[in-house]
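Heads up, the thing below is written out as structure tokens.
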Amino acid sequence: VAALISLSFGGAVGLMFLMLGCALPQYNQYWPLFVLFFYILSPLPYCIARRLVDDTDATSNACKELAIFLTTGIVVSAFGLPIVFARAELIYWGACALVLTGNTVIFATILGFFLVFGSNDDFSWQQW
């Protein structure tokens, strides 16, 4: 129960930073909300790989490594998009910093979710 509460708190704090980067009166640009697509897409490759692979304890697994590679690409893109927006002067650099802080918190929360619920015991993320 404590893990769920801390994960939900982390998600709320990360989304708060994202919304502050968009909605503060001095920024007032909603372009950074496109990183929400990356938040949704980031766990999908690993979830699909976990469903397809029977032996998750193997030292080397091509499907699992591809999923981690794709997830890494999605996470790097989520950090790169606000920087590209700031360089193109679509958003301010302060908004970029808030969005990057939100990205850090959200992706740490997603990682924490898979660490807490990733084991194959009675209470795992596969129940969700």
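Need pairs with beta-carbon distance below 6 Å; first residue modelled with pLDDT of 90 or more and within the range 23-39, second hydroxyl-bearing (Ser, Thr, Tyr) and open to solvent by 90 Å² or more (accessible area, probe 1.4 Å); sequence gap 6+ or separate chains.
Matching pairs, first to second residue: 27/92.
For the range 82-93, indicate whether the set of residues that are farther than 16 Å from residue 114 by Cβ, in a helix (DSSP H, G or I) and among the charged types (D, E, K, R) is non-empty.
Checking the range 82-93: at least one residue is farther than 16 Å from residue 114 by Cβ, in a helix (DSSP H, G or I) and among the charged types (D, E, K, R).
Hey, does the range 49-62 have a residue that's open to solvent by 40 Å² or more (accessible area, probe 1.4 Å), closer than 19 Å to residue 113 by Cα, in contact (Cβ under 8 Å) with a residue 60 or more places away in the chain and touching a helix residue (DSSP H, G or I) at 6+ places or on another chain (Cβ under 7 Å)?
no
Which residues, taken from the range 12-34, are farther than 16 Å from residue 107 by Cβ and open to solvent by less than 40 Å² (accessible area, probe 1.4 Å)?
22
The values are calculated or read from the model by the stated rules, or taken from the named source; none is laboratory data. Small disclaimer: the values here were computed from a predicted structure and weren't measured. As a convention, Cβ positions derive from the backbone with ideal geometry for all residues, glycine included, and neighbour counts pool all protein chains shown. Heavy atoms of the whole protein, side chains included, go into the accessibility calculation; ligands, DNA and RNA do not. Shrake-Rupley method; radii C 1.70, N 1.55, O 1.52, S 1.80 Å.
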